[in-house]
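First comes the structure, then the notes that go with it.
The values are calculated or read from the model by the stated rules, or taken from the named source; none is laboratory data. The structure displayed is predicted, hence computed values, not measured ones. Note: ideal-geometry Cβ built from the backbone for every residue, glycine included; neighbour counts use all protein chains shown. Calculation scope for accessible area: heavy atoms of the full protein, side chains included, ligands and nucleic acids excluded. Shrake-Rupley method; radii C 1.70, N 1.55, O 1.52, S 1.80 Å.
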Amino acid sequence: DAAFELEASVNSGLELTYSLTGPATISGSTVTLSGEAGTVVVTVAQSGNENYNAAEATESFEVSSPAKSDQTITFEEISDKVFGDDPFNLVASESSGLDVTFTLSDGPVTLDGNVATITGTGTVEITASQAGNDNFNAATTASRTFEISRADQLITFSSIPDKLTTDAS
């Protein structure tokens, strides 16, 4: 959290002084958190004068680490493919805006970042993940499964003219 001002008053109108212990610093009446968790104890004091006795009051508050936010992966479906199809892009996004990593769980493709290249036929499973960082928990992985089928073949066969039994082989 940002630095903040302490508010205290005394019925004598005399000047107050502040001190504290814990994960923060104080300058005048401005408290700045150190970035660590813990208990901060703030003491406000007035030393008194010929008409007033000294006075002191103490307040405390907890500083906690911010909770990490959850994140979710949106991984677009992958349509079935045919052996020989061009390499294709895997498309996934993360609610945190962090980069998504793709891994091949099983199947005849190779991955280079978010580009999949078909190397054979069969069932393919690809997983999208995001490990998290200081502000976000790791995302629940998302997987997509698709099939790569065999490609059709085309045989070209030249026509053979009619032959006589006496023609050469």
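So, in region 94-106, of the ones that are modelled with pLDDT of 95 or more and surrounded by 15 or more Cβ atoms within 10 Å (Cβ to Cβ), which residue ends up nearest to the chain's Cα centre (by Cα)?
By that ranking, first place goes to Val100.
Is it the case that Ala131 is open to solvent by 70 Å² or more (accessible area, probe 1.4 Å), within 30 Å of Thr21 (Cβ to Cβ), of a type in the set (A, V, I, L, M, F, W, C) and part of a loop (DSSP other than H, G, I, E, B)?
On the way: open to solvent by 70 Å² or more (accessible area, probe 1.4 Å): yes; within 30 Å of Thr21 (Cβ to Cβ): no; of a type in the set (A, V, I, L, M, F, W, C): yes; part of a loop (DSSP other than H, G, I, E, B): yes.
Judged against the criteria, Ala131 is not a match.
Could you identify the single residue in Thr145, Thr156 that is open to solvent by 80 Å² or more (accessible area, probe 1.4 Å) and in a strand (DSSP E or B)? Lay out the reasoning, then the answer.
Numbers: Thr156 fails: in a strand (DSSP E or B).
Answer to the check: Thr145.
Give me the pairs, please: first residue somewhere in region 80-96 and free of Cβ contacts under 8 Å to residues at least 24 places away in the same chain, second residue anywhere and of a type in the set (D, E, K, R), beta-carbon distance under 7 Å, and either six or more positions apart or on two chains.
So the pair list comes out as Val91/Glu76.
Here are the criteria: (1) open to solvent by less than 70 Å² (accessible area, probe 1.4 Å); (2) within 30 Å of Thr145 (Cα to Cα). Tell me which single one Ser12 does not satisfy.
Exception for Ser12: condition (2).
Please verify whether region 41-56 includes one or more residues that are open to solvent by 70 Å² or more (accessible area, probe 1.4 Å), of a type outside the set (S, T, N, Q) and in a strand (DSSP E or B).
Just the residues of region 41-56 that are open to solvent by 70 Å² or more (accessible area, probe 1.4 Å), to begin with: 47, 50-54, 56.
Right, trim to of a type outside the set (S, T, N, Q) and you get 50, 52, 54, 56.
If we keep only those that are in a strand (DSSP E or B) too, we end up with 56.
Yes, region 41-56 has at least one match.
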